[in-house]
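Heads up, the thing below is written out as structure tokens.
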Amino acid sequence: MAGSLSRRAVLAGLGAVTAGAVFPRSALAAPAEGLGDTLDVAISDLGPASRVLNFGNGVRIGNEIWFATRQILPTRVAAYDLTQRRITKSAPIPGVPGIWGIDAVGTDIFVSSYSPGLLFKVDTTTMDVTQVLDLREEVGWNVKTSPDGKLFVGTYPTARLWEYDPATGQATDHGRMDPDDTYVRDLAATNTTVYCGIGSRAGLVAYDRASGTRTDILPAELRDRTFGAVCRIAGDHLVVGISPTAEVLVVDTRDHSRYQILKTPNDSFVVGITSRGDEIFYTTRPSGSLYRFRLGDTAPTLVGVPVAEASNVRIGFLDDGRLWAVQGAGGILYDLGTRTTEALDMSSPDLAPMPERPMSLCHAGDRIVVGGSLGVQVVSSEPTPAFDTFRVPFGGEVKDMEAYGGVVHMGVYTLARYLTMPVDGRAVTEVVRVDAAQEQTRPTSLSVDRRRGLVLMSTEPDYGRWEGALNIWDGQRFRSWRGILPDQTVQSLCPDPHGVFLGGSTINGYGTTPTTTRAKLAYFDYRTERLAWLIEPTDGGVIVDLKLIGRVLAGVTRDGELFALDSRTREVLWRVDVGAVGGKLAVIDDRVFGTDGTRLWTAKVGRHEPSLRVLADGLNQSWFGAPEVVTDGVRALFTTRGTNLIRVDLS
């Protein structure tokens, strides 16, 4: 059925799935002289690709609100003094790109990091920073203090629970809270029990601290959700935010069989919860709304929208009754009586916007648009800047984009959104979202079919979900073909006169286990709205990008294989190694350009196996995602060195 193909419908009429002839991969060729013409390069440094202030969490200690950064370097914690109304303290957290968890014991704060997952102690009086625990995990998602002064940390990717005693320095690994899942996304602790919100398939585990018994207490009617995402103890009740439906589960901690579920209209995520007596307050995303209810109520009441489209990731009360909140870009105070919002001034020599790891690039005339956290950075493409760099802030992360018709077209995470911005503009417009029923969240590729005026966006499914989608915007609506690549996500796409090539990924939603081992490549025909063919041209598990050069379709895999096939016969022509990883490609004439994070390389694409030439080495790129190269289509390339944007002129 058009717009909603099941796996059976996708396969119908294709016959058996055929694998293209897979040739052995050739080793990376040494820099070659005979590439058709000699290429010399001149590199200009255009400065930081993107600068931002981005905060992942916070906690209040007396008259200070402590903020923890993420995705910017160096990673820091900083204190906002509520009396002086400014940042008064700051300390770097070494060796990690960001912080997710934070809580306090006395005047010490403890933060958990990612990549790697570590636990640090910060003495807020001396500002000494000490690593106290290696979680031996990729991410420490959360840190929560129990009433008896112990610290508990939940992890990814093995959903473990750690305990740390600040008084003795003793650490205990309590093991996996769910043997089949990957996240302890949040937790809340009492003197007897630690409650762990599980994902990517929702669970809620009550861990008995004395016996070590684990009991999943999530009600049956919430089993098809993705996360028990936010947890808080309120008196004798546990309050849990459920994703991706923004429901609130309230459980009686004295009798786990007694519970109620409150529904939040027209939102997706509960991101912050706090309480005052029997009153519960929570914030939602993407609307940025604040709700309240009393224990026993059957529905929440909308209090207001302190900051539209904001994600209030941690909230709490001040002594004067105002709410404080940590947002991605800083912090706010919210007066419940007057319903007025005050933004906290986060400016400080230590907290000026800092370089971040870019997520995407787009060449748009005289400028490069850089996707990052909470918006895009716009940088002049000339070595002598034609204008000052500026930022266009908005909620979300641009995973891919393309400029066409005086407009920058953007695929934005979360909620699989399509946004546009005039090339010379300073504001974005949300055009449409993929229907929530399709369960898609993260755009993987976006391209404009210039012949037909269509916007093509591929997406991967939500956490714990299966089957990515091809989504086509025709100016009126998104039509989605979920599961168009059986058991895979659509990772890349490339328009063709009568359809679009689709490159697959064996990875589905985060937290799932792949059921296939080789990425699929397919052709979706606009006329029939079905796949015309489906092959497996590579041993790679993810086809990061596809480019059509004449009749030759070139692709690159995540593990650094460049391959080519005849777009009509589907014969695999050659396969070569291009480095440690594969990234998004740029094309000038019959040349393809790419980077593996360290080297910028080029090759001529034709029917015969090419030699590769390294144009620049030692780039030490720091990407949040696949490395990328874009071009003006003539003689200039743009990529990064470290976190700086560089221009590479070819001659």
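Which sequence of Arg599, Arg223 reflects their accessible areas, 1.4 Å probe, from the largest down? The partial results should precede the final answer.
Numbers: Arg599 40, Arg223 100 Å².
From most accessible down to least: Arg223, Arg599.
Hey, can you rank 318-331, 339-352, 151-164 by average C-beta count inside 10 Å, highest first?
Details: 318-331: 19.1, 339-352: 13.9, 151-164: 23.6.
Packing order, densest peptide first, comes out as 151-164, 318-331, 339-352.
Would you mind getting me the FRET efficiency between Ala167 and Ala299? Use the beta-carbon distance for r and R0 = 35 Å, nearest 0.05.
0.20
How would you classify the stretch 273-373 from its alpha-carbon gyration tensor, with a ≥ b ≥ c the square roots of the eigenvalues: rounded for a/c under 1.5, else prolate if a/b is greater than b/c, otherwise oblate? Spell out each step's value before the answer.
Details: a/c = 3.01, a/b = 1.98, b/c = 1.53.
In terms of gyration-tensor shape, prolate.
For a quick protection proxy, order the peptides 282-293, 99-110 by their average other-Cβ count within 10 Å, most packed first.
Numbers: 282-293: 23.1, 99-110: 20.9.
Ranking, from highest mean packing down: 282-293, 99-110.
Once a ≥ b ≥ c are taken as the square roots of the eigenvalues of the Cα gyration tensor of the chain, is the result rounded (a/c under 1.5), prolate (a/b larger than b/c) or oblate (a/b not larger than b/c)?
Values: a/c = 1.85, a/b = 1.53, b/c = 1.21.
Prolate shape, in that a/c is at least 1.5 and a/b is the bigger ratio.
Determine the order of Lys121, Lys520 by accessible area, beginning with the largest, at a probe radius of 1.4 Å.
Values: Lys121 70, Lys520 20 Å².
My answer, sorted largest first, is Lys121, Lys520.
Please calculate the 1.4 Å probe accessible area of Arg442, with all protein chains present, and give it to the nearest 10 Å².
Per-residue accessible area (Arg442): approximately 30 Å².
Quantify, in whole percent, the carbon and sulfur part of the accessible surface of the chain (1.4 Å probe; protein heavy atoms only). Could the numbers behind the result be given before it?
Details: 11500 of 23890 Å².
Carbon and sulfur atoms account for 48 percent of the accessible area of the chain.
Could you do me a favour and compute the accessible area per residue for the stretch 88-186, 1.4 Å probe, result in Å²? Walk me through the numbers on the way to the answer.
Numbers: 3580 Å² over 99 residues.
Counting only protein heavy atoms, the per-residue value for the stretch 88-186 is 36 Å².
Given Lys89/Lys399; Lys150/Lys399; Lys399/Lys520; Lys520/Lys604; Lys89/Lys144, which pairs have Cα atoms separated by over 31 Å?
On the way: Lys89/Lys399 34 Å; Lys150/Lys399 39 Å; Lys399/Lys520 21 Å; Lys520/Lys604 24 Å; Lys89/Lys144 23 Å.
Going by Cα-Cα distance, Lys89/Lys399; Lys150/Lys399 fall outside the 31 Å limit.
Using helices alone, what [θ] at 222 nm do you get for the chain, with -39,500 (n - 2.57) per DSSP H run of 4 or more residues, divided over all residues and rounded to the nearest 500? Before the final figure, lay out the partial values.
Working: 1 runs with 5 residues, N = 651.
Calculated mean residue ellipticity at 222 nm is 0 deg cm²/dmol.
Report Lys263's accessible area, 1.4 Å probe, all protein chains in place, as a number in Å² to the nearest 10.
About 140 Å², ignoring ligands and nucleic acids.
Is the stretch 350-404 best put as rounded, prolate or oblate by its Cα gyration tensor, with a ≥ b ≥ c the root eigenvalues, rounded for a/c under 1.5, and otherwise prolate when a/b is larger than b/c, oblate when not?
Working: a/c = 2.10, a/b = 1.14, b/c = 1.84.
It is oblate, given that a/c is not under 1.5 and a/b is not larger than b/c.
Using a probe radius of 1.4 Å on heavy atoms only, what accessible surface per residue do you get for the stretch 232-283? Whole Å² is fine. All intermediate terms of the calculation are to be shown ahead of the outcome.
On the way: 1960 Å² over 52 residues.
So the stretch 232-283 comes to 38 Å² accessible per residue, rounded to a whole number.
Determine the per residue accessible area of the stretch 518-651 with all protein chains present and a 1.4 angstrom probe, expressed in square angstrom. Intermediate values should be presented prior to the final figure.
On the way: 4340 Å² over 134 residues.
It amounts to 32 Å² per residue over the stretch 518-651.
Given contacts defined as C-alpha pairs under 8 Å and at least six residues apart, what's the relative contact order of the chain, whole-number percent? Walk me through the numbers before you get to the answer.
Numbers: 1912 pairs, mean separation 74.9, N = 651.
Value for the chain: 11 percent.
The values are calculated or read from the model by the stated rules, or taken from the named source; none is laboratory data. From a predicted model like this one, the values you see are computed outputs, not experimental measurements. Please note: Cβ atoms are built from the backbone with ideal geometry, for glycine as well, and neighbour counts cover all protein chains shown. Please note that ligands, DNA and RNA were not included when accessible areas were found on the heavy atoms of the full protein model with its side chains. Shrake-Rupley method; radii C 1.70, N 1.55, O 1.52, S 1.80 Å.
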